[in-house]
């Protein structure tokens with residue numbers, strides 16, 4: 001590889017950020033500035049040794065940006081508070097809105113590319129569909145403060161007269177895969193199913209509390225984290241090479257375009273281990289019952305039109321790879 005770009009990546013101690021950093025390392029990138037709240041010194045040292053990169057705490061990073069102490073070629077902004085059960089909007093406003101504004105303002109000032117994480121949570125119950133059109137943002141009604149914060153930043157970004165030279169906001173649908181274990185309750189159904197099977201031999205799924213959906217037949221667009229990383233990397237390369245058309249700047253769905261049921265997820269988690277499915281249905285917790293998405297499915301035509309032509313991993317293949325190569329060997333975290 002010739003002269004490496006300096007890539008600033010936020011949220012690198014988390015799920016998607018850590019997988020993206022590991023992927024970049026595999027491609028030979030080491031000139032990385034990794035941003036997050038890394039916590040204990042042991043965790044910091046371990047992550048630094050694994051990634052051959054410079055680590056920096058979020059507040060220190062923001063201060064250095066403000067003081068113009070850094071030289072960066074592109075920002076991949078994945079840092080956020082993603083807990084949909086955190087109902088204190090002030091938390092989301094600080095970490096999802098104000099933090100993102102700082103990334104936007106710096107990228108605009110320096111005229112460097114920016115790729116940031118939005119969310120399919122912005123679509124709410126899907127009353128207005130799942131098309132990544134800029135025209136519907138004011139109509140969207142997210143079901144929780146997390147989704148509201150993501151939509152508020154998307155709206156703010158599109159209103160700015162000063163913008164990064166090249167930028168995209170990616171509306172992640174339901175992402176699953178290695179390195180998500182620390183998300184606890186917010187980890188994927190696959191992660192929880194695997195652990196339930198290990199502990200009890202069965203999987204508990206939420207009953208449906210709507211007459212138009214059977215138990216376990218709630219549908220989501222599940223995307224394997226490796227596919228998501230592939231899209232971010234593809235966009236990053238184009239932006240760094242200045243082959244990304246600025247006309248394509250904007251918001252993009254990032255799912256597979258095919259909704260699948262939670263029952264399918266659980267069944268495939270059993271199958272990947274050579275086990276017969278054993279599924280039980282339980283009541284959905286009251287605190288999320290009225291704020292629950294029963295159906296999501298990304299319209300992927302915009303990303304395809306922008307030139308991304310790789311196929312997305314099927315649910316069967318993604319679950320199999322995740323279970324056999326990561327969960328069973330206890331790799332990732």
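The values are calculated or read from the model by the stated rules, or taken from the named source; none is laboratory data. From a predicted model like this one, the values you see are computed outputs, not experimental measurements. Here the Cβ is made from the backbone with ideal geometry for all residues, glycine too, and neighbour counts use every protein chain on show.
Structure summary
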item	result
Selection within the stretch 208-229 - over 11 Å from residue 294 (Cβ atoms) and under 26 Å from the mean Cα position of the chain (by Cα)	216, 221, 222, 223, 224, 225, 226, 227, 228, 229
Every residue from the stretch 240-259 that is assigned to a loop (DSSP other than H, G, I, E, B) and buried (at least 16 other Cβ atoms within 10 Å of the Cβ)	244, 249, 255, 256, 257, 259
Complete set of residues in the stretch 190-219 that are assigned to a helix (DSSP H, G or I) and surrounded by fewer than 18 Cβ atoms within 10 Å (Cβ to Cβ)	195, 198, 199, 200
In the stretch 7-24, residue nearest to residue 173 (Cα to Cα) [restricted to those that are part of a loop (DSSP other than H, G, I, E, B) and in contact with a helix residue (DSSP H, G or I) (Cβ under 6 Å, 6 or more places away or on another chain)]	11
Test: residue in the stretch 104-113 that is in contact with a strand residue (DSSP E or B) (Cβ under 6 Å, 6 or more places away or on another chain), closer than 30 Å to residue 287 by Cβ, assigned by TED's automatic domain parsing to the domain that holds residue 161 and touching a residue at least 40 places away in the same chain (Cβ under 8 Å)	no
Qualifying residue in the stretch 63-71 (condition: surrounded by 17 or more Cβ atoms within 10 Å (Cβ to Cβ), over 29 Å from residue 285 (Cβ atoms) and in the same structural domain as residue 12 (by TED's automatic domain parsing))	yes
Some residue of the stretch 170-189 being touching a strand residue (DSSP E or B) at 6+ places or on another chain (Cβ under 8 Å), assigned to a helix (DSSP H, G or I) and either buried (at least 19 other Cβ atoms within 10 Å of the Cβ) or at pLDDT 95 or above (or both)	yes
Selection status of residue 88, more than 20 Å from the chain's Cα centre (by Cα), exposed (fewer than 14 other Cβ atoms within 10 Å of the Cβ) and touching a residue at least 24 places away in the same chain (Cβ under 8 Å)	yes
The stretch 294-317, residues that are in contact with a helix residue (DSSP H, G or I) (Cβ under 8 Å, 6 or more places away or on another chain) and surrounded by 14 or more Cβ atoms within 10 Å (Cβ to Cβ)	296, 298, 303, 306, 308, 312, 313, 315, 316
Unique match (being modelled with pLDDT of 95 or more, under 19 Å from the mean Cα position of the chain (by Cα), over 27 Å from residue 208 (Cβ atoms) and not in a loop (DSSP other than H, G, I, E, B)) among 310, 324, 302	302
